[in-house]
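Below is one structure, written out as structure tokens; the observations come after it.
The values are calculated or read from the model by the stated rules, or taken from the named source; none is laboratory data. Computed from a prediction, not measured in an experiment: that's the story for all the values here. All Cβ positions, glycine included, derive from the backbone under ideal geometry; neighbour counts span all protein chains shown.
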Amino acid sequence: MHEMNDFMIRLGLAFPIIQAPMAGGVTTVELVAEVAKAGGLGSIGAAYLTPEIIKINASAIRARTNGPFAINLFVGTDDPAPTPAEIAYTCDILRPWAEAYGVEPPSAPSAPIALDRQIEAMLEVCPPVFSFTFGLASEDLLSACRSRHILTMGTATTLEEVVALEQSGVDCICVQGMEAGGHRGTFLRPVEESLIGLMSLLGMAVQATSLPVIAAGGIMNGQGIRAVLDLGASAASLGTAFMVTDEAGTPPAHQHMLAEADPRPTVLTRAFSGRTARGITNRFHEHVSPHQNHLVPFPALNDMTRKIRQAAGLAGDAEALSLWAGQAYPLVRPMATAHLMAALVTEAHL
Ligand SMILES: Cc1cc2nc3c(=O)[nH]c(=O)nc-3n(C[C@H](O)[C@H](O)[C@H](O)COP(=O)(O)O)c2cc1C
């Protein structure tokens, strides 16, 4: 039996296992609730959800379990507004893709959902954990969480970001190794200067901070969980491993690519959203990435590619989907979430 640590005690976790936040439909109510029921921490990737849906999802989770869960948002982004030249260039690049998938070619990005309204909804829901990525949360937000007993967890991809998060006053820090699937949480330096493997980053983080450190990136089984606990992590956060569970909302064509017997490499690309993310290479990445310096920035590009990605998903075609995946994705095991949690616990000797 693994020792309980402060992080687990504070949240009432039976096991130091976190289902990582994954925006874009993967983290369904069912997935989050099943992880919480099994003694882990489930996370809603809420960055693309309206305030109303955030509240509905939280109630639906609470109707299924008393277990803890996190709500995750993208904070601290001072994204530049797209220029008319970038919008025109993006329209030209995306037009053949829109035509190929039978959707209206994008003409301009629509306004993103306002972060302050998402934050209001999160505070109203009062989840056990508020986790965030892409930056630092404001002092006001951290103190609003503290007064509501919401544990705050920021994401760091470098030692410098670990220190900045600690100084900002968060309760715990998730270190995201360069192996991780999805968007890089990097916020202080260019991504190319912030690609650190989890083993290096975790070791530096536990030495630098006395806050609980959560490890994310490339952890696919209980052996990986055991390894990061031995290196000083308070919990392991797994994203890709949960994407092929029965309860995940991952599109079937994406799940098929994750479980493919002959795996393709993962790449870091800005082609889908305008922000660097790790995913399995496909035709859209190959065609659009060479143009990425001329396209609209995040989150405008995410909005302008959305209809194409959705149409590809409905058509069961992986070539225009953002196939987010961690480097270790060939180790995925499709099964029910409860079974995956049980396997992880056994393998990690928890
Ligand atoms: C599909 C997908 C979506 C993601 N979305 C988010 C997100 O909304 N917020 C966030 O903090 N991290 C996000 N991430 C990163 C994960 O939280 C986590 O760092 C990563 O999955 C860990 O690496 P692994 O996939 O190798 O387990 C996402 C990852 C994936 C695969």
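If F15 passes every condition in (1) in contact with a Lys or Arg (Cβ under 9 Å, 6 or more places away or on another chain); (2) more than 30 Å from A312 (Cβ to Cβ); (3) of a type in the set (A, V, I, L, M, F, W, C) but one, which one does it miss?
The single condition F15 does not satisfy is (1).
Based on this model, can you work out whether V175 counts as at pLDDT 95 or above and away from the ligand (no atom under 13 Å from the Cβ)?
So V175 fails the test.
Consider I119 against the criteria (1) more than 24 Å from I56 (Cβ to Cβ); (2) touching a residue at least 40 places away in the same chain (Cβ under 8 Å); (3) in contact with a Leu (Cβ under 7 Å, 6 or more places away or on another chain): it satisfies all of them except one. Which criterion is unmet?
It fails just one condition, (1).
(1) within 13 Å of the ligand (Cβ to nearest atom); (2) surrounded by fewer than 17 Cβ atoms within 10 Å (Cβ to Cβ): which one isn't true of L188, the others all being true?
Here L188 clears every test but (1).
Scan the range 70-88 and tell me whether some residue there is farther than 27 Å from D116 by Cα and touching a helix residue (DSSP H, G or I) at 6+ places or on another chain (Cβ under 9 Å).
Yes, the range 70-88 contains a residue that is farther than 27 Å from D116 by Cα and touching a helix residue (DSSP H, G or I) at 6+ places or on another chain (Cβ under 9 Å).
Answer yes if at least one residue in the range 64-84 is of a type in the set (A, V, I, L, M, F, W, C), assigned to a helix (DSSP H, G or I) and more than 16 Å from the ligand (Cβ to nearest atom), and no otherwise.
Within the range 64-84, not a single residue is of a type in the set (A, V, I, L, M, F, W, C), assigned to a helix (DSSP H, G or I) and more than 16 Å from the ligand (Cβ to nearest atom).
With respect to the numbered conditions (1) surrounded by 21 or more Cβ atoms within 10 Å (Cβ to Cβ); (2) more than 16 Å from the ligand (Cβ to nearest atom); (3) in contact (Cβ under 8 Å) with a residue 40 or more places away in the chain, which one is the sole condition not fulfilled by I61?
(3)
Suppose the filter is at pLDDT 95 or above, within 16 Å of the ligand (Cβ to nearest atom), part of a helix (DSSP H, G or I) and surrounded by 15 or more Cβ atoms within 10 Å (Cβ to Cβ); does I54 pass it?
Criteria met by I54.
Determine whether the range 106-113 contains at least one residue that is of a type in the set (A, V, I, L, M, F, W, C) and under 12 Å from I54 (Cβ atoms).
yes
Could you list, in sequence order, all residues of the range 177-200 that are at negative phi and either of a type in the set (D, E) or in a strand (DSSP E or B) (or both)?
E179, H183, E192, E193
Is there a residue in the range 237-249 that is in contact (Cβ under 8 Å) with a residue 60 or more places away in the chain, part of a loop (DSSP other than H, G, I, E, B) and over 24 Å from L49 (Cα atoms)?
Initially, the range 237-249 is screened for residues in contact (Cβ under 8 Å) with a residue 60 or more places away in the chain, giving 237-249.
With the extra rule that they be part of a loop (DSSP other than H, G, I, E, B), the set shrinks to 239, 243-244, 246-249.
Then drop every residue that is not over 24 Å from L49 (Cα atoms), which leaves none.
For the range 237-249, residues in contact (Cβ under 8 Å) with a residue 60 or more places away in the chain, part of a loop (DSSP other than H, G, I, E, B) and over 24 Å from L49 (Cα atoms): absent.
Residues checked against (1) away from the ligand (no atom under 11 Å from the Cβ); (2) assigned to a loop (DSSP other than H, G, I, E, B):
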residue	(1), (2)
V206	yes, no
L211	yes, yes
I214	no, no
G218	no, yes
A253	yes, no
D262	yes, yes
V267	yes, no
A271	yes, yes
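Is it true that some residue in the range 112-123 is assigned to a loop (DSSP other than H, G, I, E, B), modelled with pLDDT of 95 or more and either small (G, A, S) or away from the ligand (no atom under 16 Å from the Cβ) (or both)?
No, because not a single residue in the range 112-123 is assigned to a loop (DSSP other than H, G, I, E, B), modelled with pLDDT of 95 or more and either small (G, A, S) or away from the ligand (no atom under 16 Å from the Cβ) (or both).
Just one of (1) under 21 Å from the mean Cα position of the chain (by Cα); (2) on the phi > 0 side of the Ramachandran plot trips up S138, so point out which.
(2) is the only condition that S138 fails.
If you check F298 against the conditions, is it within 16 Å of the ligand (Cβ to nearest atom), touching a helix residue (DSSP H, G or I) at 6+ places or on another chain (Cβ under 8 Å), part of a loop (DSSP other than H, G, I, E, B) and of a type in the set (F, W, Y)?
Criteria not met by F298.
Within the range 124-155, restricting attention to residues that are within 22 Å of A33 (Cβ to Cβ) and of a type in the set (F, W, Y), which residue is farthest from the ligand (Cβ to nearest atom)?
Looking at the filtered set, the residue picked out is F130.
Identify, from the list P96, P21, P112, P106, the residue that is more than 30 Å from P212 (Cα to Cα) and buried (at least 22 other Cβ atoms within 10 Å of the Cβ).
Answer to the check: P106.
In the range 61-86, what residues are hydroxyl-bearing (S, T, Y) and over 19 Å from the mean Cα position of the chain (by Cα)? Walk me through it before giving the result.
We begin by selecting, within the range 61-86, every residue hydroxyl-bearing (S, T, Y); these are 65, 77, 83.
Correct list: T65, T83.
Condition first: of a type in the set (A, V, I, L, M, F, W, C), within 19 Å of R10 (Cβ to Cβ) and within 17 Å of the chain's Cα centre (by Cα). Now tell me which residues in the range 34-60 satisfy that.
Within the range 34-60, V35, L41 qualify.
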